[in-house]
Amino acid sequence: MKISLKNNNELAITFTYNERLIACMRDLPARRYDARSKAWYIPVQSAYESVRLLESKGFSVSGEARQALEDSEAIRKRADEVKRASDAVFDTSLPLFPYQRAGACFLSLIGSGLLADSVGLGKTLQALAVIETIGKGARSLVLVPAVLKYQWESEIKRFLPQWKAQVIDGNAMTRTEQWQEEADIYIANYELLLRDNERLSAFVWDIIVCDEATRISNIRAKTYKALMKLKARRRIALTGTPVQNRPDDLFGILNWTNPGMLGSFMNFIERYCYRNQWGGVLGYHNLEELARRIEPFMIRRRKEDVLKDLPEKTIIDVTFKL
């Protein structure tokens, strides 16, 4: 009965067959079973409480696994403090409001997560601040709806004038040339995940930002499956409406930013959804537990929360001939 560190992201849990322990494992909120290695795996980022439970049942924890847990818990506590603060110390050249510094600092600390501020609170600027901390010359990808590509380019030219942004647009031949251009930030629309998948999958991105992230909430979509295959050291999702219709909209977004953090989709449905005899979702339960689980990886502020940081409203009358 042992818990060891598989890699920097997961803990491996091994034990001889025991129905009681298997039932305990199945009750853990984020877990997966690998039949080949005959081991259970849980993400380090959300494993602290689970490991404490398993220790009470006699599991031993390796030194590496314990160190990874302590490091992860320290980052979580620091990020939680930043999230609850109205300002934070964050080294950036961008002109951020205090709440934006706190948001950028939170995202920088956790590495990958969801920025779900209300519309108009500057999610783009906060994402650019995080990209800036990674450093000029890193490989950064921004995925957006097609209508926002040139808006992102404009924001980069305005706030990071020394950085080169490459918008991927046009026919296949033109796009091939654009991908070969040396740039600090590449900007592409979601449809190109399928059309240019070979290019996008050719290397490991230092950071991928998904704007209007409700576009990646459907885990059955081909676009989502193509996105999940991309390798990235950091993943940030931006959306002002993280839950459009159902709580399970969050699964696709957070399963991309922090893979495995919510377990498998079937595990998620069983734990938080009431289903009818045909498998359809009738309602939801355990939502307080779900809120606690996603809190360390998500930050959301509404306009009324940060009103004191915002400048006075400016009204300009513009006259024109009809």
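The values are calculated or read from the model by the stated rules, or taken from the named source; none is laboratory data. The structure displayed is predicted, hence computed values, not measured ones. Quick reminder, even Gly has a Cβ in these numbers, built from the backbone with ideal geometry, and neighbours come from all protein chains shown. Just so you know, the surface numbers come from the protein's heavy atoms only, side chains and all, with ligands and any DNA or RNA stripped out. Shrake-Rupley method; radii C 1.70, N 1.55, O 1.52, S 1.80 Å.
Using a Gaussian network model of the chain with C-alpha springs under 10 Å, which one of Ile216, Ile22, Ile156 is most mobile by mean-square fluctuation?
Ile22
Nearest-5 percent of antiparallel DSSP beta bridges in the chain? Kindly include the intermediate steps, with their values, before the conclusion.
Numbers: 14 of 37 bridges.
Taking every DSSP beta bridge with both residues in the chain, the antiparallel ones total about 40 percent.
Could you order the peptides 254-266, 99-111, 135-147 from most to least packed, using the average number of other C-beta atoms within 10 Å per residue?
Working: 254-266: 19.7, 99-111: 24.9, 135-147: 17.0.
Listed from highest to lowest mean packing, they are 99-111, 254-266, 135-147.
Express in whole angstrom the spacing between the alpha-carbon centres of the stretch 1-55 and the stretch 182-213.
33 Å
At a 10 angstrom cut-off on C-beta neighbours, averaged per residue, how do the peptides 50-62, 227-239 rank from highest to lowest?
227-239, 50-62
Nearest 20 debye, what's the magnitude of the dipole of the chain about its Cα centre given +1 on Lys and Arg Cβ and -1 on Asp and Glu Cβ? Write out the running numbers ahead of the final one.
Details: 48 positive and 40 negative charges, 153 e Å.
Computed charge dipole of the chain: roughly 740 debye.
From the phi angles alone, apply the Karplus equation (6.51, -1.76, 1.60; θ = phi - 60°) to the stretch 223-228 and give each ³J(HN,Hα) in whole Hz, x where the residue is Gly or Pro.
With coefficients 6.51, -1.76 and 1.60, one gets 4, 5, 4, 5, 5, 5 Hz.
Quick one: which residues, 5 or more positions from Ala232 or on another chain, have an amide H under 5 Å from its amide H? H modelled 1.01 Å from N in the peptide plane, none for Pro or chain starts.
Under 5 Å from the amide H of Ala232 lie the amide H atoms of Trp205, each far enough along the sequence or on another chain.
Rg/Rh for the chain: what does it come to with C-alpha atoms and Rh from Kirkwood?
1.00
In whole Hz, with x marking every Gly and Pro, tabulate ³J(HN,Hα) for the stretch 255-270 from phi via Karplus 6.51 cos²θ - 1.76 cosθ + 1.60, θ = phi - 60°.
Karplus-based 3J(HN,Hα) across the stretch 255-270 equals 6, 7, 5, 10, x, x, 4, 9, x, 6, 5, 5, 4, 5, 5, 5 Hz.
Restricting the calculation to Cα positions, tell me the Rg (one decimal) and the Dmax (whole number) of the stretch 59-125 in Å.
14.9, 50
Using the heavy atoms of the protein chains alone and a 1.4 angstrom probe, what is the accessible area of the stretch 137-261 per residue in square angstrom? It would help to have the intermediate numbers written out before the result.
On the way: 5750 Å² over 125 residues.
Accessible surface, normalised per residue, equals 46 Å².
Using a Förster radius of 35 Å, what is the FRET efficiency between Glu70 and Ile269 based on their Cβ-Cβ separation? Nearest 0.05, please.
Given R0 = 35 Å and the Cβ-Cβ separation, E is 0.60.
Using Cα atoms only, what is the angle between the long axis of helix 149-159 and the major principal axis of the chain, expressed in degrees (0 to 90) to the nearest 10?
With rounding to tens, the tilt is 80 degrees.
Using per-residue counts of other Cβ atoms within 10 Å, averaged over each peptide, order 79-92, 300-313 from highest down.
Listed from highest to lowest mean packing, they are 79-92, 300-313.
Angle, helix 123-134 long axis vs. longest principal axis of the chain, Cα atoms, 0 to 90°, nearest 10?
70 degrees
In this model, which of Lys83/Lys222; Lys6/Lys38; Lys123/Lys303; Lys123/Lys157 are farther than 22 Å apart at the alpha-carbon?
With Cα atoms farther than 22 Å apart: Lys83/Lys222.
Once R0 is set to 45 Å, what does the formula 1/(1 + (r/R0)^6) return for the Cβ-Cβ distance between Val204 and Glu312, expressed as a FRET efficiency to the nearest 0.05?
For Val204 and Glu312, the calculated efficiency is 0.50.
When the accessible area of the chain is split by element with a 1.4 Å probe, what percent falls to carbon and sulfur?
Exposed carbon and sulfur together represent 49 percent of the surface.
Once both axes come from the Cα atoms, what is the angle between helix 63-84 and the longest principal axis of the chain, in degrees from 0 to 90, rounded to 10?
The helix 63-84 is inclined about 40 degrees to the chain.
Hey, what number do you get for the chain at 222 nm if only DSSP H runs of n ≥ 4 count, each worth -39500 (n - 2.57), divided across all residues, to the nearest 500?
Only helices count here, giving -11000 deg cm²/dmol.
For Lys57, which lysines qualify as cross-link partners when the Cα separation must be under 18 Å and same-chain residues fewer than eight apart are set aside?
Lys2
In square nanometres, what is one fourth of the surface area of the convex hull spanned by the alpha carbons of the stretch 185-322?
Details: hull surface 56.0 nm².
Result: 14.0 nm².
For a bin width of 10 Å, list the pair-distance distribution of the stretch 90-181 built from all Cα-Cα distances, rounded to whole %.
Reading upward from the zero bin: 14, 46, 30, 9, 0.
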